[in-house]
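One structure is given below, encoded as structure tokens.
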Amino acid sequence: MKLVFAGTPEVAVPALDALIASGRHEVAAVVTRPDAPAGRGRRLVASPVAERAEEAGIEVLKPVRPRDEDFLARLREIAPDCCPVVAYGALLPKAALAVPARGWVNLHFSLLPAWRGAAPVQHAVMAGDEVTGASTFLIEEGLDSGPVYGVLTEEVRPTDTSGDVLTRLAFAGAGLLAATMDGIEDGVLHAVPQPAEGITLAPKITVEDAHVQWSVPALRVDRVIRGCTPAPGAWTLFRGERLKLIQAVPVLDRTDLAPGELSAAKNNVYVGTGSHAVELLWVQPQGKKPMRGADWARGVRIVPGELAGM
């Protein structure tokens with residue numbers, strides 16, 4: 001089939017690579033988000049998908065809005081048979097959805113209908129799911145509600161961050177998307193409607209969602225930190241400044257600390273929660289590089305009874 005691939009971040013690159021390498025299909029063009037400011041200089045930078053496409057000599061389309069008529073006209077000129085999508089980042093209008101004869105097929109990082117939305121992996125980790133996965137489905141106008149072509153499952157390990165899970169799913173899902181394209185071309189794969197039960201939503205995680213509340217149980221604190229790593233990054237306040245929480249671990253035998261109460265030893269620093277304490281393994285003070293929690297605690301000289309979150 002002639003394909004137009006739509007995707008933007010690094011997590012979409014393995015799928016693009018898999019389609020290029022498959023040999024069965026022609027990736028005629030790539031659709032991605034416009035160049036965005038990045039780094040301290042805030043210079044415009046192309047998306048990872050755009051960079052990979054340019055390396056491969058593939059035409060790159062960067063519409064400000066997918067409903068722009070110039071983009072739609074070019075898409076019609078290319079006349080793709082199918083448009084595979086991975087984390088493109090913009091809603092596709094009906095006019096774009098109508099162009100490819102076999103539709104737009106999305107690789108979504110959840111077991112649909114669970115976790116429909118922008119942040120499925122983060123929500124799965126934060127909810128304590130032991131298994132998640134990826135699905136390929138035919139895009140329709142509803143939010144991730146189209147019929148499903150294929151799925152794969154992935155274990156969520158006890159120490160996984162959302163970044164860990166997403167990396168594994170990006171590579172496993174690349175194979176699933178390539179196999180889905182093959183099955184559609186061969187006429188042996190047919191999309192099955194999603195069940196009406198089990199629908200959960202996964203909206204984008206905001207900075208406020210990543211604000212750790214020490215009054216909740218340690219297990220919840222651990223899940224929030226892992227679910228918000230690497231982005232947007234879990235955080236608390238310390239002496240009025242934001243402290244990023246990169247890695248922590250529940251400590252079952254520490255129940256002597258009040259929620260938010262800090263306790264520093266030579267090689268450890270603990271924070272009380274609504275149940276038992278957590279040990280802060282890695283943190284990042286505002287304006288500084290990541291460091292071990294114990295090193296941070298020595299530097300700031302925590303006062304006995306001092307609270308995080310203040």
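Out of Asp144, Asp129, I need the residue that is touching a His at 6+ places or on another chain (Cβ under 9 Å), of a type outside the set (S, T, N, Q), more than 22 Å from Pro232 (Cα to Cα) and at pLDDT 95 or above. Which one? Don't jump to the end; show me each part of the working.
Working: Asp129 fails: more than 22 Å from Pro232 (Cα to Cα).
The unique qualifying residue is Asp144.
Considering each of Ala50, Ala87 in turn, give the residue that is open to solvent by less than 30 Å² (accessible area, probe 1.4 Å) and under 24 Å from the mean Cα position of the chain (by Cα).
Values: Ala87 fails: open to solvent by less than 30 Å² (accessible area, probe 1.4 Å).
Being open to solvent by less than 30 Å² (accessible area, probe 1.4 Å) and under 24 Å from the mean Cα position of the chain (by Cα) holds for just one of Ala50, Ala87, which is Ala50.
If Gln286 satisfies every condition in (1) surrounded by fewer than 20 Cβ atoms within 10 Å (Cβ to Cβ); (2) over 23 Å from the mean Cα position of the chain (by Cα); (3) under 17 Å from Val216 (Cβ atoms) but one, which is the exception?
(3)
Please find, among Leu19, Leu75, Leu3, the residue that is in contact (Cβ under 8 Å) with a residue 40 or more places away in the chain and over 21 Å from Ser135 (Cβ atoms). Before you say what the answer is, go through the steps one by one.
Numbers: Leu19 fails: over 21 Å from Ser135 (Cβ atoms); Leu3 fails: over 21 Å from Ser135 (Cβ atoms).
Being in contact (Cβ under 8 Å) with a residue 40 or more places away in the chain and over 21 Å from Ser135 (Cβ atoms) holds for just one of Leu19, Leu75, Leu3, which is Leu75.
Go through (1) within 21 Å of Pro304 (Cα to Cα); (2) of a type outside the set (Lys, Arg); (3) modelled with pLDDT under 95 one by one and return the number of the condition Gly287 breaks.
(1)
Restricting the search to the stretch 1-36, which residues are part of a strand (DSSP E or B), open to solvent by 40 Å² or more (accessible area, probe 1.4 Å) and touching a strand residue (DSSP E or B) at 6+ places or on another chain (Cβ under 6 Å)?
Narrowing the stretch 1-36 to residues part of a strand (DSSP E or B): 2-7, 26-31, 36.
Subset that is open to solvent by 40 Å² or more (accessible area, probe 1.4 Å): 2, 26, 36.
Across the stretch 1-36, the qualifying residues are Lys2, Glu26.
Looking only at the stretch 23-35, which residues are at pLDDT 90 or above and either among the basic types (Lys, Arg) or more than 10 Å from Leu3 (Cβ to Cβ) (or both)?
The answer is Arg24, Val31, Thr32, Arg33, Pro34, Asp35.
For Asp164, work out the one condition from (1) acidic (Asp, Glu); (2) assigned to a helix (DSSP H, G or I); (3) under 21 Å from Phe5 (Cβ atoms) it doesn't fulfil.
Result: Asp164 fails condition (3) only.
Determine which single condition Leu61 fails, assuming it passes every other condition in (1) over 26 Å from Ser22 (Cβ atoms); (2) surrounded by fewer than 23 Cβ atoms within 10 Å (Cβ to Cβ).
Going through (1) over 26 Å from Ser22 (Cβ atoms); (2) surrounded by fewer than 23 Cβ atoms within 10 Å (Cβ to Cβ) one by one, Leu61 breaks only (1).
Please find, among Ile78, Ile139, Ile184, the residue that is in contact with a Phe, Trp or Tyr (Cβ under 6 Å, 6 or more places away or on another chain) and either open to solvent by less than 50 Å² (accessible area, probe 1.4 Å) or under 18 Å from Cys228 (Cα atoms) (or both).
Values: Ile78 fails: in contact with a Phe, Trp or Tyr (Cβ under 6 Å, 6 or more places away or on another chain); Ile184 fails: in contact with a Phe, Trp or Tyr (Cβ under 6 Å, 6 or more places away or on another chain).
The match here is Ile139.
The values are calculated or read from the model by the stated rules, or taken from the named source; none is laboratory data. Owing to the predicted nature of the structure, the values given are computational and were not obtained by experimental measurement. Cβ: placed from backbone, ideal geometry, glycine included. Neighbour counts: every protein chain shown. Only protein heavy atoms, including side chains, enter the accessible area calculation; ligands, DNA and RNA are left aside. Shrake-Rupley method; radii C 1.70, N 1.55, O 1.52, S 1.80 Å.
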